[in-house]
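This report refers to the structure that appears directly beneath it.
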Amino acid sequence: MTWTSRDRVLAALDHEEADRVPIDLGGTGSSTIVIEAYDRLKQHLGLEHETKLRSRLNRLADPDPSVMNRLGVDTRAITAGFGRASGEWVDDLTFIDHFGVTFKGTVGADDKHFLYKDGPLWGGKLTIDRIDEMEWPDPDNPAIASGVKEQVARYKAEGDYCLVLNVPDQVIHRAYALRSMVDFLKDFYRAPEAACYLMDKLADYNIRASENMIREAGAENIDVIFFGEDLGTQDGCMFDPENTYGRLIKPRHERVIQTLKARTGAKWLFHCCGSAYDFIPHLIDIGVDVLNPVQVTAKNMEPERLKGEFGDRLAFWGGINTQDILPHQSADAVRLETERCIDIFGKQGGYVLNSVHNIQFEVPPENIVAMFDAGLNHRY
């Protein structure tokens with residue numbers, strides 16, 4: 001059998017071993033590479049091309065096909081025409097997005113980060129009237145699906161890749177930005193009805209905007225849908241898994257996931273940084289097929305534990321340590337860790353190789369190449 005990239009990824013997500021581990025870079029907004037690291041990688045590989053931006057706000061590169069082909073990447077991203085890139089740059093350090101949220105960049109840092117500093121629901125009490133009175137972006141804005149049909153046609157012309165639809169926004173993360181993280185977390189206790197109403201409105205937006213992208217892409221061309229938000233910290237849970245998540249947040253996630261899976265039949269890739277362990281049974285229950293980024297240094301996130309307890313029901317996408325091994329250790333150490341993760345997560349399928357979240361500013365190109373080459377060359 002001659003394996004295509006699409007075959008390879010879908011076999012893994014069906015818990016079958018392919019010819020090698022499938023590889024992702026840039027298939028999602030949480031599995032690509034920051035601009036500075038990408039520019040050094042290009043130079044290291046001897047490749048010359050303009051660096052295209054996936055997100056100026058998050059300083060993410062959109063990897064060129066020449067880089068992806070060299071690294072054996074099996075995925076391609078279907079992204080919204082604007083998503084987080086919409087809005088207005090007031091100056092180099094100030095951005096106002098399509099929801100009216102103001103982001104400010106760090107001053108003086110080489111790897112600038114943008115954090116939300118104000119939003120239309122900041123301050124005061126959260127009420128249903130305030131939510132309705134807010135100026136909401138239009139999910140039917142043609143700009144959202146702009147270019148999607150052309151993206152898909154280009155990928156199909158280049159090869160048989162696994163195509164990943166990136167849902168254009170989130171639910172609780174977007175609520176944090178609209179309201180402020182501290183106040184929205186408090187709203188779960190002091191204004192739960194309004195908090196749920198806000199999440200319902202955000203779920204509606206994501207579903208409608210994604211349906212427009214699906215129509216342009218063609219449902220039959222979408223293999224994986226990527227959506228999610230952080231539920232854990234390094235040491236545990238951001239909120240109670242049974243009460244706050246299970247009772248308030250989970251129904252909104254379930255509606256987004258089940259509605260869009262029904263439109264496409266695609267596998268669902270859920271992003272959750274930190275310790276996702278206590279939430280995994282909930283995620284499986286609502287239709288999640290794959291977990292990303294698999295932060296293996298967080299509490300209860302050891303590869304052996306995750307594969308042993310959930311490997312027959314859940315696949316894993318990520319897992320290569322970006323907190324220590326990728327940025328700070330040798331290329332040989334990166335290779336050994338990558339092979340270890342492939343051997344654990346990839347046994348009997350169920351694994352797509354990538355770093356834990358986007359490859360960061362300080363990661364040397366030699367280590368990036370070592371990770372991907374280990375995926376190309378290592379066998380189970």
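Scanning the range 135-148 for residues that are within 20 Å of Cys196 (Cα to Cα) and in contact with a Gly (Cβ under 8 Å, 6 or more places away or on another chain) gives a single hit, Glu135. Candidates are the residues of the range 206-239 that are among the acidic types (Asp, Glu) and not in a helix (DSSP H, G or I); the one that is surrounded by the fewest Cβ atoms within 10 Å (Cβ to Cβ) is Asp235.
When Arg8, Arg76, Arg59 are checked against the criterion of being basic (Lys, Arg), surrounded by 20 or more Cβ atoms within 10 Å (Cβ to Cβ) and under 17 Å from Gln151 (Cβ atoms), Arg76 stands alone in meeting it. Residues in the range 121-153 that are within 28 Å of the chain's Cα centre (by Cα), loosely packed, with under 15 Cβ neighbours inside 10 Å and of a type in the set (D, E, K, R): 4 in all.
Scanning the range 154-176 for residues that are of a type in the set (Gly, Ala, Ser) and surrounded by 15 or more Cβ atoms within 10 Å (Cβ to Cβ) yields a single hit, Ala175. Scanning the range 89-100 for any residue that is free of Cβ contacts under 8 Å to residues at least 40 places away in the same chain, within 25 Å of Pro22 (Cβ to Cβ) and surrounded by 13 or more Cβ atoms within 10 Å (Cβ to Cβ) turns up nothing. Of the listed requirements (1) of a type outside the set (D, E, K, R); (2) surrounded by 24 or more Cβ atoms within 10 Å (Cβ to Cβ); (3) within 15 Å of the chain's Cα centre (by Cα), His357 misses just one: (2). Scanning the range 291-322 for residues that are in a loop (DSSP other than H, G, I, E, B) and among the hydrophobic types (A, V, I, L, M, F, W, C) turns up Val294, Val296, Ala298, Met301, Leu314. Restricting Gln348, Gln329 to residues that are surrounded by fewer than 21 Cβ atoms within 10 Å (Cβ to Cβ), modelled with pLDDT under 95 and not hydrophobic (A, V, I, L, M, F, W, C) narrows the list to Gln348. May I ask you to verify whether Pro365 is touching a His at 6+ places or on another chain (Cβ under 7 Å), more than 16 Å from Asp24 (Cα to Cα) and buried (at least 17 other Cβ atoms within 10 Å of the Cβ)? So Pro365 passes the test. Among the residues of the range 323-345 satisfying the criterion of being outside any helix (DSSP H, G or I) and within 22 Å of the chain's Cα centre (by Cα), which is nearest to Asp289 (Cα to Cα)? Within the range 323-345, the match that is nearest to Asp289 (Cα to Cα) is Gln323. Taken together, Asp132, Asp92 contain a single residue that is among the acidic types (Asp, Glu) and either within 20 Å of Leu185 (Cα to Cα) or modelled with pLDDT of 90 or more (or both), which is Asp132. Against the conditions (1) surrounded by fewer than 16 Cβ atoms within 10 Å (Cβ to Cβ); (2) closer than 21 Å to Asp235 by Cβ; (3) in contact (Cβ under 8 Å) with a residue 60 or more places away in the chain, Arg305 satisfies every one except (3). Applying the condition of being out of contact with any strand residue (DSSP E or B) (no Cβ under 7 Å at 6 or more places or on another chain) and under 29 Å from Cys272 (Cβ atoms) to the range 42-56 and asking which residue is surrounded by the fewest Cβ atoms within 10 Å (Cβ to Cβ) yields Arg56.
The values are calculated or read from the model by the stated rules, or taken from the named source; none is laboratory data. Since the structure is predicted, the reported quantities are computational estimates derived from the model, not experimental observations. All Cβ positions, glycine included, derive from the backbone under ideal geometry; neighbour counts span all protein chains shown.
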